[in-house]
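Working notes, structure below.
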Amino acid sequence: MLANLTPFLLHWAITALALWVASHLFKGIRFGSTSALVVSALLLGLANAVVRPLLVVLTLPLTLLSFGFFLLVINALMLLLVSKLVSGFKVDGFWTAFWASLFISVLSLVLGAFVLGGTPDFTIETSPAPGSVWL
């Protein structure tokens, strides 16, 4: 259990740092307090883990027609959702959320590569190893 806690906390910190940097670069993103930033980072991770996959599946035809660019809209919607749920976190509009979510995604990817060394500390086995059978 503790082995999975460290990567979770690192991802949470990376998301919080990316949100904090985005709030300084984009005028339309504001945090009322540090606790709003921390809760926003946690809820953004939760929304990306639970709600985003459902939206991706539901909007698959639109995503395919737009050659995947609609996924950027879904990322912006996740940021707007979190801003509606957390008091003290404000995003002015869709386009601010769109560009900020793009920036947050890229910055989180870069920071994650540096902090985690390019590979996660843990992997989840999704298929049996060659030559073995799951029972």
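Among the numbered criteria (1) surrounded by fewer than 16 Cβ atoms within 10 Å (Cβ to Cβ); (2) under 18 Å from LEU107 (Cβ atoms); (3) not aliphatic (A, V, I, L, M), which single criterion is violated by PHE31?
Tallying (1) surrounded by fewer than 16 Cβ atoms within 10 Å (Cβ to Cβ); (2) under 18 Å from LEU107 (Cβ atoms); (3) not aliphatic (A, V, I, L, M), PHE31 fails exactly one: (1).
Right, VAL39: without any contact (Cβ under 8 Å) to a residue 60 or more places away in the chain and in contact with a strand residue (DSSP E or B) (Cβ under 9 Å, 6 or more places away or on another chain) or not?
Answer is yes for this residue.
Report yes if GLY45 is within 20 Å of LEU109 (Cβ to Cβ) and within 10 Å of the chain's Cα centre (by Cα), otherwise no.
yes
Among the residues that make up segment 58-69, is at least one of them out of contact with any Asp or Glu (no Cβ under 9 Å at 6 or more places or on another chain), aromatic (Phe, Trp, Tyr), modelled with pLDDT of 90 or more and surrounded by 17 or more Cβ atoms within 10 Å (Cβ to Cβ)?
No, segment 58-69 has no match at all.
Quick check on my filter: what residues within segment 8-17 are farther than 8 Å from ALA41 by Cβ and surrounded by 15 or more Cβ atoms within 10 Å (Cβ to Cβ)?
LEU10, HIS11, ILE14, LEU17, listed by residue number.
If PHE94 meets every condition in (1) of a type outside the set (D, E, K, R); (2) farther than 19 Å from GLY112 by Cα; (3) crowded, with 17+ Cβ neighbours inside 10 Å apart from one, which number is that one?
So PHE94 meets the others, but not (3).
Does segment 64-81 include one or more residues that are assigned to a helix (DSSP H, G or I), touching a residue at least 40 places away in the same chain (Cβ under 8 Å) and small (Gly, Ala, Ser)?
no
Identify all residues within segment 1-45 that are aromatic (Phe, Trp, Tyr) and part of a helix (DSSP H, G or I); write none if there are none.
Within segment 1-45, PHE8, TRP12, TRP20 meet the criteria.
Residues to consider are PHE98, PHE31; find the one that is among the aromatic types (Phe, Trp, Tyr), touching a residue at least 24 places away in the same chain (Cβ under 8 Å) and in contact with a strand residue (DSSP E or B) (Cβ under 7 Å, 6 or more places away or on another chain).
Selected residue: PHE31, the only one of PHE98, PHE31 that is among the aromatic types (Phe, Trp, Tyr), touching a residue at least 24 places away in the same chain (Cβ under 8 Å) and in contact with a strand residue (DSSP E or B) (Cβ under 7 Å, 6 or more places away or on another chain).
Kindly evaluate LEU54 against the criterion of being surrounded by fewer than 13 Cβ atoms within 10 Å (Cβ to Cβ), part of a helix (DSSP H, G or I), without any contact (Cβ under 8 Å) to a residue 24 or more places away in the chain and more than 10 Å from the chain's Cα centre (by Cα).
yes
The values are calculated or read from the model by the stated rules, or taken from the named source; none is laboratory data. Predicted, not measured: the structure shown is a model, and the values here were computed from it. Counting neighbours? That spans all protein chains shown, and the Cβs are built from the backbone with ideal geometry, glycine included.
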